[in-house]
1. Among the numbered conditions (1) surrounded by fewer than 20 Cβ atoms within 10 Å (Cβ to Cβ); (2) more than 9 Å from chain B (Cβ to nearest Cβ); (3) not basic (Lys, Arg), tell me where A:Ala239 comes up short.
2. Inspect segment B:462-469 for any residue being over 21 Å from B:Pro95 (Cβ atoms), within 9 Å of chain A (Cβ to nearest Cβ) and surrounded by 15 or more Cβ atoms within 10 Å (Cβ to Cβ) and give the result as yes or no.
3. Only one of A:Leu494, A:Leu506, A:Leu516 is buried (at least 20 other Cβ atoms within 10 Å of the Cβ), touching a residue at least 24 places away in the same chain (Cβ under 8 Å) and more than 20 Å from A:Pro59 (Cα to Cα); which?
4. Looking at (1) buried (at least 22 other Cβ atoms within 10 Å of the Cβ); (2) more than 9 Å from chain A (Cβ to nearest Cβ), which is the one condition that is false for B:Arg352?
5. So, in segment A:164-195, how many residues would count as being within 8 Å of chain B (Cβ to nearest Cβ), over 20 Å from A:Val98 (Cβ atoms) and in contact (Cβ under 8 Å) with a residue 40 or more places away in the chain?
6. Of the residues that sit in segment A:51-85 and are assigned to a loop (DSSP other than H, G, I, E, B) and either within 14 Å of chain B (Cβ to nearest Cβ) or free of Cβ contacts under 8 Å to residues at least 24 places away in the same chain (or both), which one is nearest to A:Ala300 (Cα to Cα)?
7. Select from segment A:453-480 the residues that are farther than 19 Å from A:Arg395 by Cβ and surrounded by fewer than 22 Cβ atoms within 10 Å (Cβ to Cβ) and list them in ascending order.
Amino acid sequence: MTAGQALLVATLAFPALGAAGAAILPARADRAGRLVAVSGAALALVASVLLYGWRPAAPAGPARPGEIRPWHELNLRWASGLDLRFHIGVDGISYPLVVLTALLTLICGIYTLWTVPAVEVVSQEAQPRSTPPPCTRGRLLAALLLAIEVGIVGVFLSLDLVLFFVFFEVVLLPMYAVIAVWGGPARRHAARKFVLYTLSGSVLLLVGVFLVVTRAGTGDLVALSAAHGAGLSEGLQLAAFVLLALAFAVKSPLWPLHSWLPDAHTEAPTVGSVILAGVLLKMGTYGLLRIAVGVLPDAARRVAPVLGVLAVAAILVGGLVCLAQTELKRLIAYSSVGHMGFVLLGIATLNATGVQAALIGNIAHGIVTGLLFFLAGAIKDRAHTGELAQLGGLRDRMPRLAGLLGYAAIASLGLPGLAGFWGEAFAVIAALRHGGPLWTVLAVAAALGGALAAAYFLRLLRRVSHGPVGPAFAGGCPPLSAGELVSWAPLVLLTLAVGLIPALVLGLAHDPVMALVAR
Amino acid sequence: MNLNQVALLPGYCAAGTALLAFLVDLLVPARRAAVAAATALGTLATAVAAVAVGRGPVRRTFCSVGCSYVADHRAALVAVVFALLTLVVVALSVPSQSQGEYYFLLGCSMTGGVVLGYTRDLISLTVAVETLTLPLYPLVAFRRRSVASAEGAVTFFVVSVVSTTVTLLGAALLYASTGALHFTRLAAALGHGPRPPMVTTGAVLVIAGLAFKVAAVPMHAWAPAAYDGAPVPVAAYLSTASKLGGVIAILYVAVDALGPALPIVGPALAVVATLTMIVGNLGALRQARMVRLLAWSSIAQAGYILAPLGALALARGRTAQGVSGAVAATLGYAVFYVILEIGAFGAVVALRGGRDGGRITDYAGAARRAPWVTGVFVLSMIGLAGLPPGLAGLFAKVVVVRALLSGGAAWLAIVVAINSVVGLAYYVRAIGALFAGNGEPDSRIKIGWPVAAALGGVALVAVVVGFAPQLVIDAVA
């Protein structure tokens, strides 16, 4: 096993071990359990960063259309009777997402060291006790976050269709548990909606994957991408693409299959929201790009206009709903629908600019929306409500928190120089470059949607930061804790870094993207 | 007639188990555990014998124009699974059942199941299925002074008798029109020449009668009443071993005997599988009692088990490769399923002790009072829903969908997929109940070592086949 292969395994194994270690420890060692989880996440981040350092020199010559050239690759037998191989690898398209996942999980793990949302256990905790019950489930929350990390990183690393599906499913129940146990008042309903909605997506993925695998006779993503759709009939490609696109559209989510997202976000605990928006949604866009477009390029070209129209509809609907939204986390959740619309628009153009925009849009949304959900969580922890009508005057009460919120909001609305700009601007440019009346209209409508984003984020800031001090802040607020600042700092810095140097993401992705969109 | 006694060894061992239980009960009446231990030993011996015979060459016996008893690889697999399931059920029964008759009847039923795998003609098959089923009537009624138990047993008895009659009528019609009872000769007779309507009727009647055993729609209504009325270990046996027996019988009849008539049988199986999934899942959504929920879910699971055979409805699925793929998928899913199902029932036994399954709300607080058992319960239920971390169940779902798509039955694959979403809705509800608080003080639930050992063993097997599904796929190939 080479160093690169060992690092690939380590990126998956450290979170898995951390999760197992944290879950096995007894309740009295809760803090130790959380530390075990954090160290697992930290080691995974180190391993994922080293993947870059150990990458071999780029092979000479341009890649053939569709060719995937992983930096590191590990291909082991697992279950030949199911066409399942443990085939993982990393390249310029998946690498930024792997690092983002590892980073966000670590940040969330650190956050749980300080803050764990209370678990309301019916009548159990209500019994009179001499001391308030200590929090004894933090390690389980941390363990679930790491289990989610295993699934998400596995999805990004998979170079086998069946393995991709297996990892795609791994994420489902841990996220359900995070929402259902640590969530807000309506958590059970939201968690069930999340799990049933996204499971219906992933069962379609199962059918779509095996439709391809049984016809092509292999689940090897490298081979299938290199074949570029050869050997698969047009009808089959179309059927499989529709199934896969539906599956990924639920996960991304693409309008009109998005309705699970606002509920899940509103009820999820802060760390759950961060992971959900930051990286879990990216499984959908990554899958659409790598699996659906990569394996079935002809069908992708035929369906692209439909995807484009839905993506722009998502941008506009997301923006309009946000303008009328009265709850903080719900507003950010709907803004995610709009942002993911830009990412999907970029993918739908199927040209290099659009795909690049989608990749950087993915990363930027992960960083900025992750930060926004942290800030929204911090506000809700102090105000005990997310109703915009109750908030207000944050600038007077907590100037630093208000400043950060303003920073994240303008990054999210796409101010040049911050991370959100590149993805949205270039998605619009890519649609214009695609040419033709339809795409021109889509580009104009998407640009209008971008303006909507400015409108609702400024409205958000006006309601929360400015104005008279709202009733929710009337009693004093505890200041920002060290844990909060430590976990937010990397996101704040990355927002600026990716905004100023987009090559951080795009430099790696240039060659693979060219191969992906080549005909 | 020259008998190959070696081939019959597993059957002898199984029958010997029943006899041993009877004798031990007679000779050492004071020792409660002795009879359970003797039965457990017998089941182990049966499993060992089946493996030993199965490793050798294919042995045939009771041969005239065809052979009625063939000890091949698949028969050995069926016998081993039956013996091990019975072993687990014996262990689960230790806390609640001390009567010797109970273990004797269990041994008798196991004998039917073990022999079933070896049978190769319609009459032997029916006799084996009846041997499997008859002891279950009294076993379902074994909860003394319980009206539910008696009701369940009577329902079970009536439906069972009717379905046996239907099977026999179908067999008689097939015999009347072809003059053959052995699977090989039936297949040969059906393979050429025109097919009279009597064959069609006979084929459908045989399958319909056997559908009762797997609790497939429309012969499913007995299952929830019988499972809920029976002692929980017996319900576990009904939903795993007894159901497996039905699946094997349907496989043998539909594929081995009526293979050339698949254009008739295939669509019937596709319809039955689809209806079974849908009715089972919708029924389970509304249940408030744990065992009834498991019963309805096991009806839905029967639909998934039969689904790969539904691919035989299409000409594309009826190539030699397609048929063997569908059979392997059905057996594979059935094996994954029985492991997870017995795990779920085992957890119910552990959490409830000797009591009945109770309401779902009765399980509140289980996660704190018995975390390990809850872990096994959750693993099994999630597996039945087909999701990680229940990897065994995930791969079981993959096996079925893959077989259906290879056979060109994409529509049935989508039906299976959508049904599994409905399934998750009630599994999640049941799992949620385990983690709810109930205000009772936290006191650990005490679990006897036989139940704990059985549950641990089942969980271990579930985890192992979850990470190495190829073990099961190779075993059923």
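Each reported figure results from applying straightforward, stated rules to the coordinates on display, with no laboratory input. Given the structure is predicted, the values throughout are model-derived calculations rather than measurements. Every residue, glycine among them, receives a Cβ derived from its backbone with ideal geometry; neighbour counts consider all protein chains shown.
1. Of everything listed in (1) surrounded by fewer than 20 Cβ atoms within 10 Å (Cβ to Cβ); (2) more than 9 Å from chain B (Cβ to nearest Cβ); (3) not basic (Lys, Arg), A:Ala239 misses just condition (2).
2. Looking through segment B:462-469, at least one residue is over 21 Å from B:Pro95 (Cβ atoms), within 9 Å of chain A (Cβ to nearest Cβ) and surrounded by 15 or more Cβ atoms within 10 Å (Cβ to Cβ).
3. A:Leu494
4. Single failed check for B:Arg352: (1).
5. 1
6. Of everything passing the filter in segment A:51-85, A:Asp83 is nearest to A:Ala300 (Cα to Cα).
7. A:Ala454, A:Ala455
This table checks each residue for (1) over 22 Å from the mean Cα position of the chain (by Cα); (2) part of a helix (DSSP H, G or I).
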{"site": "B:Asn2", "(1), (2)": "yes, no"}
{"site": "B:Ala7", "(1), (2)": "yes, yes"}
{"site": "B:Ala21", "(1), (2)": "yes, yes"}
{"site": "B:Val53", "(1), (2)": "yes, yes"}
{"site": "B:Pro57", "(1), (2)": "yes, no"}
{"site": "B:Arg74", "(1), (2)": "no, yes"}
